[in-house]
Amino acid sequence: LGTSVMAVAALLAAACSGGDGGSAGGNGGSGGGERIVITARDSTFEPAQVTVPQGKTVTLVLKNEGAAVHNLRLETKEAAGKDFASDPMVNPGASSEIQVKIDRPGTYRFVCDYHLPGMVGELTVR
């Protein structure tokens, strides 16, 4: 099991590296943009539905209040050319930030890769 978790973490780290805005750890300082906290519990995101303004930079903060490791990956390849992702492993009690800017309105899924298919939310861009 440990090897499987490490392999998943390595794949997620590779997928998350080298993007503009797809990296975690930002401070939300892009023009005083909005910060939205999404709390991960053991099988849910709260809130599970989030709305952000089109074309504005927003900081999504994943706060892990569960007992398990979580992450957050926002599936926006069709709108932004890539997915946005938190740190690959956000431990209980920790948090991770993502700066997101999406120019195309629509509804996009965000997921915890460790707890699919049940741990899913929606981000609406208007």
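The values are calculated or read from the model by the stated rules, or taken from the named source; none is laboratory data. Source: prediction; values computed, not measured. A quick note on method: Cβ atoms are made from the backbone with ideal geometry, for glycine too, and the neighbour counts reach across all protein chains shown. Note: accessible area is taken over every heavy atom of the protein model, side chains too, but ligands, DNA and RNA are not part of it. Shrake-Rupley method; radii C 1.70, N 1.55, O 1.52, S 1.80 Å.
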What is the extension gain from residue 120 to residue 91, computed as 0.36 nm multiplied by their sequence separation minus the C-alpha to C-alpha distance, in nm to one decimal? 8.6 nm
Which cross-chain or sequence-distant (5 or more) residues have an amide H under 5 Å from the amide H of residue 72, H modelled 1.01 Å from N in plane? 86
Under a plain spin-label model, where a point goes 7 Å from the Cα along Cα-to-Cβ, how far apart in nm are residue 39 and residue 103? 3.7 nm
Any idea what Rg and Dmax come out to for the stretch 69-110 if you just take the C-alpha atoms, in Å? 11.4, 33
Would you list which aspartates and glutamates come within 14 Å of residue 56, measuring only between C-alpha atoms, while excluding same-chain residues fewer than 8 positions from it? 34, 103
Ignoring ligands and nucleic acids, residue 63 exposes an accessible area, probe 1.4 Å, in Å² to the nearest 10, of 90 Å²
Run the 1.4 Å probe and let me know the accessible area of residue 103, rounded to the nearest 10 Å². 90 Å²
Cβ-Cβ FRET estimate between residue 49 and residue 77, R0 fixed at 22 Å, reported to 0.05: 0.60
